[in-house]
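Trainee: Have a look at this one before I ask anything.
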Amino acid sequence: MRSTLVLLSLTLGLAAVAQDDLIKKISGNSADSTGFRFTQVLSTPGTPVEDQGSSGTCWSYSTGSFLESEMIRQGGPAIHLSKIYVARRSYEEKAVSYVRMHGSLNYGDGGIAHDVLNMYAKHGILPYEAYTGLNFGNSKNQFGEMQAVLKGMLDAIVQAPNKGTLTPVWKDAIGGVLDAYLGKVPGNFTYNGKSYTPQSFAKDVVKVDAADYAEFQSVTDVPYYRDATLMVPDNWALAQAWNIPVEDITAIIDNALKNGYSVAWGGDVSEPTFSWKNGVAFVTGTPAADLTKEQKDNLFKGPQPEPAITAEMRQKAFDDFSTTDDHGMHISGLAKDQNGTEWYIVKNSWGDRNEFKGYLYMSKAYAVYKMTAFLVHKKAVPAAIAKKLGW
């Protein structure tokens, strides 16, 4: 991208803007420093890019951003919601599940898109200003110490040192740690001069119905068009997702975008062809392990042919750990490269310090190949697929 385009940045802060305005600034007919040229086809409205800091809360930021876009789409205000409130509620419930499973459950920062909707439906939501999670002079999230303390406590609790039973106050102890690091959750807060609780804010301001959304996976060992447990470590809630064939992935995502809906996407970003710095993610015809040094050096010189992604390719990568649930992002638009090939415009939560000011362009092949699960409004699903799902 030419330097004049690179310098055009989104004004961060909490005054929301349409993603369309930003994409017009970072997309165009001029080549960026890597040789890729992208032109916007369409975008959905949304809020400015955020930075999750030193925390594994991509799932909360990406799906929170998705929730903000849904708010705007339905005529609500364009504001940042508190991703850390959602994360905190998730950590509380995850702690209960961890103890009930006697420690035989994954515990950590991670989560999945459905966690955001589940916490929102059960505990409500707050605007960012009402609960920032910045409680000890930190300007960005710093969760390493907090999670180490929580995990240490939980591992001690499941040993039941109180004569083989648990006390009734261990949850209060976990809550105390979360209060210390993230701050106490206000019972009431003021927004636009009116007092709200998290539940009333969700009902009266956000106005999004969590029941209107569905999560999808694509594996070969489960019948298609049925729901089944999503078999990834961060699925601490043991939630289910609808299983669809590989060709339905882009069919649903494309239909969503073309009808004004965005998509919360979760998947693997460990491939050498995923470059946050360059703002692109794509698939090569040669497996990553077989790339020569020359090929690696030329990966980001411009678009190149990609293989057709099959169900067998996806399943193999999933089963041999080439694909893991690394990261969550928000698919917010569609673009074309200089060859006319369509790419997804993806909003990330690592701040705006990359080629495209916090966004990246993901090829459809990459989105299909490396997806672990994605979430979208049920009305965004094509009618033919919805019928197969029994909706």
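The values are calculated or read from the model by the stated rules, or taken from the named source; none is laboratory data. All of these numbers come straight from a predicted model, not from anything done at the bench. So basically every Cβ, Gly included, is an ideal-geometry build from the backbone, and we count neighbours across all protein chains shown.
Trainee: Here is a list: Lys25, Lys122. Which entry is at pLDDT below 95, assigned to a helix (DSSP H, G or I) and either among the aromatic types (Phe, Trp, Tyr) or surrounded by fewer than 19 Cβ atoms within 10 Å (Cβ to Cβ) (or both)? Don't jump to the end; show me each part of the working.
Mentor: Working: Lys122 fails: at pLDDT below 95.
It is Lys25.
Trainee: Of Gly340, Gly333, which residue is more than 23 Å from Met231 (Cβ to Cβ), loosely packed, with under 15 Cβ neighbours inside 10 Å and not basic (Lys, Arg)? Explain how you work it out, then say what you get.
Mentor: Values: Gly333 fails: loosely packed, with under 15 Cβ neighbours inside 10 Å.
Criteria check complete, one pass: Gly340.
Trainee: OK, next. For the stretch 41-64, name all the residues that are more than 25 Å from Asn106 (Cα to Cα) and either small (Gly, Ala, Ser) or assigned to a loop (DSSP other than H, G, I, E, B) (or both). Quick ask: steps written out before the conclusion?
Mentor: Initially, the stretch 41-64 is screened for residues more than 25 Å from Asn106 (Cα to Cα), giving 41-50.
Matches in the stretch 41-64: Ser43, Thr44, Pro45, Gly46, Thr47, Pro48, Val49, Glu50.
Trainee: If you don't mind, there's one more thing I want to ask. Only one of Phe136, Phe143 is closer than 18 Å to Ser60 by Cα and not hydroxyl-bearing (Ser, Thr, Tyr). Can you tell me which? First the steps, then the outcome.
Mentor: Values: Phe136 fails: closer than 18 Å to Ser60 by Cα.
Every option except Phe143 fails the conditions.
Trainee: So Thr324 clears everything in (1) part of a loop (DSSP other than H, G, I, E, B); (2) in contact with a Lys or Arg (Cβ under 9 Å, 6 or more places away or on another chain); (3) closer than 23 Å to Leu117 by Cα except one condition, right? Which one?
Mentor: Every condition holds for Thr324 apart from (2).
Trainee: Show me the strands (runs of 3 or more DSSP E) entirely contained within the stretch 187-277 in which 2 or more residues are surrounded by 20 or more Cβ atoms within 10 Å (Cβ to Cβ) and among the small types (Gly, Ala, Ser). Spell out the reasoning first.
Mentor: Numbers: elements: 189-191, 194-196, 213-217, 227-229, 240-243, 263-267.
Passing ranges, in order: 263-267.
Trainee: Against the conditions (1) farther than 22 Å from Ala289 by Cβ; (2) in contact with a strand residue (DSSP E or B) (Cβ under 9 Å, 6 or more places away or on another chain); (3) surrounded by fewer than 18 Cβ atoms within 10 Å (Cβ to Cβ), where does Thr324 fall short? Just the number, please.
Mentor: Unmet for Thr324, out of (1) farther than 22 Å from Ala289 by Cβ; (2) in contact with a strand residue (DSSP E or B) (Cβ under 9 Å, 6 or more places away or on another chain); (3) surrounded by fewer than 18 Cβ atoms within 10 Å (Cβ to Cβ): (1).
Trainee: Is it the case that Ile252 is in contact with a helix residue (DSSP H, G or I) (Cβ under 6 Å, 6 or more places away or on another chain) and touching a residue at least 24 places away in the same chain (Cβ under 8 Å)? It would help to see each step written out before you state the result.
Mentor: On the way: in contact with a helix residue (DSSP H, G or I) (Cβ under 6 Å, 6 or more places away or on another chain): no; touching a residue at least 24 places away in the same chain (Cβ under 8 Å): yes.
Taking the combined requirement at face value, the residue does not satisfy it.
Trainee: Right, another one. When you scan the stretch 288-321, how many residues do you find that are more than 15 Å from Asp268 (Cβ to Cβ), in a helix (DSSP H, G or I) and modelled with pLDDT of 85 or more?
Mentor: Counting residues in the stretch 288-321 that are more than 15 Å from Asp268 (Cβ to Cβ), in a helix (DSSP H, G or I) and modelled with pLDDT of 85 or more gives 2.
Trainee: Separate question: Tell me whether the stretch 73-82 contains one or more residues that are modelled with pLDDT under 55 and part of a helix (DSSP H, G or I). Break it down into steps so the answer makes sense when it comes.
Mentor: Going through the stretch 73-82, the residues modelled with pLDDT under 55 turn out to be none.
Within the stretch 73-82, not a single residue is modelled with pLDDT under 55 and part of a helix (DSSP H, G or I).
Trainee: Can you tell me which of Val149, Val86, Val116 is closer than 24 Å to His327 by Cα, in contact with a helix residue (DSSP H, G or I) (Cβ under 9 Å, 6 or more places away or on another chain), free of Cβ contacts under 8 Å to residues at least 40 places away in the same chain and crowded, with 19+ Cβ neighbours inside 10 Å? Spell out the reasoning first.
Mentor: Numbers: Val149 fails: crowded, with 19+ Cβ neighbours inside 10 Å; Val116 fails: free of Cβ contacts under 8 Å to residues at least 40 places away in the same chain.
None of the others qualify; the one that does is Val86.
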